[in-house]
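Structure first, commentary second.
The values are calculated or read from the model by the stated rules, or taken from the named source; none is laboratory data. For clarity, every value in this text was computed on a predicted model and none was experimentally measured. Cβ sites come from the backbone with ideal geometry, for glycine too, and all protein chains shown count toward neighbours. When the accessible area is computed, the model is the full protein with side chains, heavy atoms only, and any ligands, DNA or RNA have been set aside. Shrake-Rupley method; radii C 1.70, N 1.55, O 1.52, S 1.80 Å.
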Amino acid sequence: MRFEGIIFDLDGVICSTDEYHYEAWKKSADDLGIYFDKQINNRLRGVSRGESLEIVLERYDGMMSQEKKAEILISKNDIYLQLLQKMSTKDLDKDVKKTLEILKKKELKLAIGSSSKNAKIILKKIGLENFFDAISDGTMITKSKPDPEVFLLAADMIGLKPQECLVIEDAIAGVEAAKAGGFECAAIGDALKSDLPEYKLNTFSDILKLV
Ligand code: B16
Ligand code: MG
């Protein structure tokens, strides 16, 4: 087999919480009188919550205290968590579910490599809390994508070297993280814009052509 393991980004790859991130950031930006649109939101893909706020604040005039920033981060996450309540197993796409089951039968090690501190909550909502061999997420790392830390930790957790794993990503920051860590990478969604990934996926099940 070409790869021993696959490391999946969560948001934008396994499920679509990106629309909820957008809604929560849009509400936070509106409250501050800051312009925010989907193009700016795309820059937040794969980026940690704190770094996302810095990107949102690029359009804020004046200085903001650390206390105020911390307040915004809490309130943004509260809005996001509220929106996540709507999620259920219905939010796991059939094509994604079927493909994951086939990959598991092939005895590949399967891991999550997500910048999100809410990864476990989301996996539970879509019924995948016990599916993966390892979950490496935003609660376990000190440097967010494009740093490779989250993927290196995922590989370590499944006992594999980066060269033995394929990373699946929808974010430019995530693709950069995978390449910086020495992984091969397959892009889906927004990451198709990047020339860095070795493979491009039109649909999630295209992964089956690579393993
Ligand atoms: P949280 P991923 C990332 O998840 C999102 O793409 C990104 O937009 C978000 O800012 C980041 O998680 C942190 O999320 O606020 O839930 O900790 O794509 O790496 O699975
Ligand atoms: Mg993502």
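Give the distance, in whole Å, between the Cα centre of segment 113-137 and the Cα centre of segment 144-196.
Answer, in whole Å: 17.
With θ set to phi - 60° and the Karplus curve 6.51 cos²θ - 1.76 cosθ + 1.60, what are the ³J(HN,Hα) couplings of segment 189-203 in order, to the nearest whole Hz, using x for Gly and Pro?
The phi angles translate into x, 4, 5, 4, 5, 7, 8, 5, x, 5, 10, 10, 10, 7, 9 Hz.
Given 46, 34, 73, which one lies farthest toward the positive end of the charge dipole of segment 1-110, if we put +1 on the Cβ of every Lys and Arg and -1 on the Cβ of every Asp and Glu?
In segment 1-110, that residue is 46.
For each pair in 69/120; 76/125; 97/143; 76/117, compute the distance between the two Cα atoms and list the pairs where it is over 18 Å.
Details: 69/120 25 Å; 76/125 20 Å; 97/143 30 Å; 76/117 13 Å.
Those over the limit are 69/120; 76/125; 97/143.
Using a 1.4 Å probe on the protein heavy atoms only, what accessible surface does residue 142 show? Give it in Å² to the nearest 10.
Accessible area, nearest 10 Å²: 120 Å².
Given a 1.4 Å probe, how much area per residue of segment 58-185 is accessible, in Å²? Spell out each step's value before the answer.
Working: 6600 Å² over 128 residues.
Solvent-accessible surface per residue comes out at 52 Å².
Rounded to the nearest percent, how much of the accessible area of segment 25-155 (1.4 Å probe, protein heavy atoms only) is carbon and sulfur?
Numbers: 3540 of 7130 Å².
C and S atoms contribute 50 percent here.
Compute the projected area of the convex hull of the Cα atoms of segment 54-102, averaged over all viewing directions, and report it in nm² to one decimal place. Walk me through the numbers on the way to the answer.
Values: hull surface 22.1 nm².
Projected area, direction-averaged: 5.5 nm².
Show which aspartates and glutamates lie in cross-link reach of residue 90 when reach means a straight Cα distance below 18 angstrom and same-chain residues fewer than eight apart are skipped.
Reachable aspartates and glutamates: 11, 18, 19, 101, 129.
What's the ranking of 185-197, 165-177 by average number of surrounding C-beta atoms within 10 Å, highest first?
Numbers: 185-197: 19.2, 165-177: 26.6.
Those peptides, ordered most packed to least, come out 165-177, 185-197.
Classify segment 169-211 as rounded, prolate or oblate, taking a ≥ b ≥ c as the square roots of the eigenvalues of its Cα gyration tensor: rounded when a/c is under 1.5, otherwise prolate if a/b is larger than b/c and oblate if not.
Working: a/c = 2.28, a/b = 1.36, b/c = 1.68.
Oblate shape, in that a/c is at least 1.5 and b/c is the bigger or equal ratio.
Please report, in whole Å, how far the alpha carbons of segment 70-183 spread along each principal axis, starting with the longest.
Dimensions of segment 70-183 along the principal axes of its Cα atoms: 40, 31, 22 Å.
Sorted from largest down, what three extents in whole angstroms do the Cα atoms of the chain have along their principal axes?
Answer, in whole Å and largest first: 55, 34, 29 Å.
With the Cα gyration tensor of segment 1-124 in hand, give its eigenvalues times 5 under a square root as the equivalent ellipsoid semi-axes, listed largest first in whole angstrom. Let's see the in-between values first.
Values: eigenvalues 214, 44, 29 Å².
Three semi-axes, in Å: 33, 15, 12.
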